[in-house]
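Accompanying notes for the structure given below.
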Amino acid sequence: MEMLPKAVGNPLFTTPTLTSLSKHTQISPFKSTTSGNPRVAPTSATCNWASNSSLHRKIKTFGKEPKLGNCVSNAAAMGSQYRGSQQELLIVGPGVLGSYLGTLWNDEYGDGLVFGQTKTETNHEKLKKLGINPVCKSPSPTDSRRFANVVYSAPPSGSENYVEDILTALRSSWDGTGNFVFTSSAGVYNIDDGSECDETAPIVPLGRDKRTDALLTAEQAVLDAGGCVVRLVGLYHRNRGPHTFFLKQGQVSRWGGAYVNLIHYEDAARLVFAVASGKGSNDSEGRYRSRVFLGCDGVPVTFSEMMQAIEASGQMPGKVTITGEEGSSKGKRMNNNLTRQQLGWEPVYAAGIQGFFANGGNDWYSKNFSLVPGAMPHQ
């Protein structure tokens, strides 16, 4: 896989620039960028900031857990002096994927260990009903408590400075002892001619697209700090995904023969869970450092095939007419065999979106629709 070199300077203080990322280095997608055995995660002391005393305050353990649910008091009540269990998880941006991830973590480790960081209190009641402790982003990074495990799943669309927000989470929310996982996009792979694509494929050159540049810069900051990246293809569940967008449009000006790669939200959450919990890691503490993983169901489908299968299932109302002509953009056909082998992960919805709807189109999201933040399709 083609990956970016380390950013110039300490990424916790210097945002990586396009200049610092302009030269690519060819390394294994699962090889740590630190020294030593690439399949054994280093100790937290090898993370860029973990040994920097200026970034760590003296840690004390409070006798009680701080109260949750109030955006004003959470920042102060859950300050950096508090250190919780090594099995605690902070989800930054606990939306559609994060809500299910939280239930998986609770099922594995017990209730009360999952925290969801949001910008407002809008979805706090929903998160509580899902067993996720809601907290608001602290206005002062130095007042944020640190967690052993962090999943950053907030989208770029909700941020004025996406890379800086991720750097803040790395330096202020992660204590470096567990796993940090950033959910990125498989759109960074530089293949669009309909050919096969896996974890070893080249990435898009910097400077071609602002959105891709932001993702690659964010990825590199995470990798430099010892965190991991999970590149996800198109996400869907029954009521959300490209199929609902197409159904809403009615007529789509895209070539129907172009490939789209998908993964069900539940399967994506299971894959992120596997990385965050260290499944398949040879490290005694179950840690991964500076790894890139790929999430897809391995069933590439054309736009026409996808919509024809959904229409034939009778599960979704509406009909789509695809009118675009064939062009140079044909998509890619993705597989993530390396990721599956490393994590021992396999998709539950292994027959793709066609098989999902052919089998009734029922999932966790359709049963818990009212509880999931951001569950409404494209609203």
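Quick look at the values:
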read-out: Residue check, Asn362 under 30 Å from Lys128 (Cβ atoms) and among the polar types (S, T, N, Q); value: yes
read-out: Residues satisfying the stated conditions in the stretch 348-364, i.e. on the phi > 0 side of the Ramachandran plot and at pLDDT below 95; value: Gly360, Gly361
read-out: Residue in the stretch 284-313 that is nearest to Arg231 (Cα to Cα), counting only those that are of a type in the set (Phe, Trp, Tyr) and not in a loop (DSSP other than H, G, I, E, B); value: Phe293
read-out: Flag for Gly344 being closer than 19 Å to Tyr189 by Cα, modelled with pLDDT of 95 or more and under 24 Å from the mean Cα position of the chain (by Cα); value: no
read-out: Which numbered condition Glu219 misses (of (1) over 23 Å from Gly278 (Cα atoms); (2) surrounded by 21 or more Cβ atoms within 10 Å (Cβ to Cβ)); value: (1)
read-out: Test result for Gly226, at positive phi, touching a residue at least 24 places away in the same chain (Cβ under 8 Å) and outside any strand (DSSP E or B); value: yes
read-out: Subset tally (residues that are part of a helix (DSSP H, G or I) and touching a Phe, Trp or Tyr at 6+ places or on another chain (Cβ under 8 Å)) for the stretch 245-274; value: 9
read-out: Among (1) touching a residue at least 12 places away in the same chain (Cβ under 8 Å); (2) of a type outside the set (Lys, Arg); (3) touching a helix residue (DSSP H, G or I) at 6+ places or on another chain (Cβ under 8 Å), the one test that Ser159 misses; value: (1)
read-out: Lys137, sole failed condition from (1) at pLDDT 95 or above; (2) crowded, with 16+ Cβ neighbours inside 10 Å; value: (1)
read-out: Qualifying position, being touching a Cys at 6+ places or on another chain (Cβ under 8 Å) and on the phi > 0 side of the Ramachandran plot, among Gly131, Gly176, Gly194; value: Gly176
read-out: Unmet requirement for Thr177, which otherwise passes all of (1) surrounded by fewer than 24 Cβ atoms within 10 Å (Cβ to Cβ); (2) within 30 Å of Phe303 (Cβ to Cβ); (3) polar (S, T, N, Q); value: (2)
read-out: Close pairs (6 angstrom Cβ cut-off, 6 or more residues apart or separate chains): within 12 Å of Gly257 (Cβ to Cβ) in the stretch 314-339, loosely packed, with under 14 Cβ neighbours inside 10 Å anywhere; value: Gly324/Ser253; Lys330/Asp193
read-out: The listed residue being at pLDDT 95 or above and in contact with a Gly (Cβ under 8 Å, 6 or more places away or on another chain), out of Leu232, Leu247, Leu216, Leu223; value: Leu232
read-out: Positions within the stretch 263-322 being touching a Cys at 6+ places or on another chain (Cβ under 8 Å) and either within 20 Å of Leu223 (Cβ to Cβ) or among the polar types (S, T, N, Q) (or both), in sequence order; value: Val275, Tyr288, Arg289, Ser290, Arg291, Val292, Phe293
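Conditions tested, residue by residue: (1) within 28 Å of Val301 (Cβ to Cβ); (2) buried (at least 24 other Cβ atoms within 10 Å of the Cβ).
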{"position": "Ser185", "(1), (2)": "yes, no"}
{"position": "Ile191", "(1), (2)": "yes, no"}
{"position": "Cys197", "(1), (2)": "yes, yes"}
{"position": "Ile203", "(1), (2)": "yes, no"}
{"position": "Leu206", "(1), (2)": "no, no"}
{"position": "Lys210", "(1), (2)": "no, no"}
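The values are calculated or read from the model by the stated rules, or taken from the named source; none is laboratory data. Just so we're clear, the structure is a prediction, and the values are computed from it rather than from any experiment. Please note: Cβ atoms are built from the backbone with ideal geometry, for glycine as well, and neighbour counts cover all protein chains shown.
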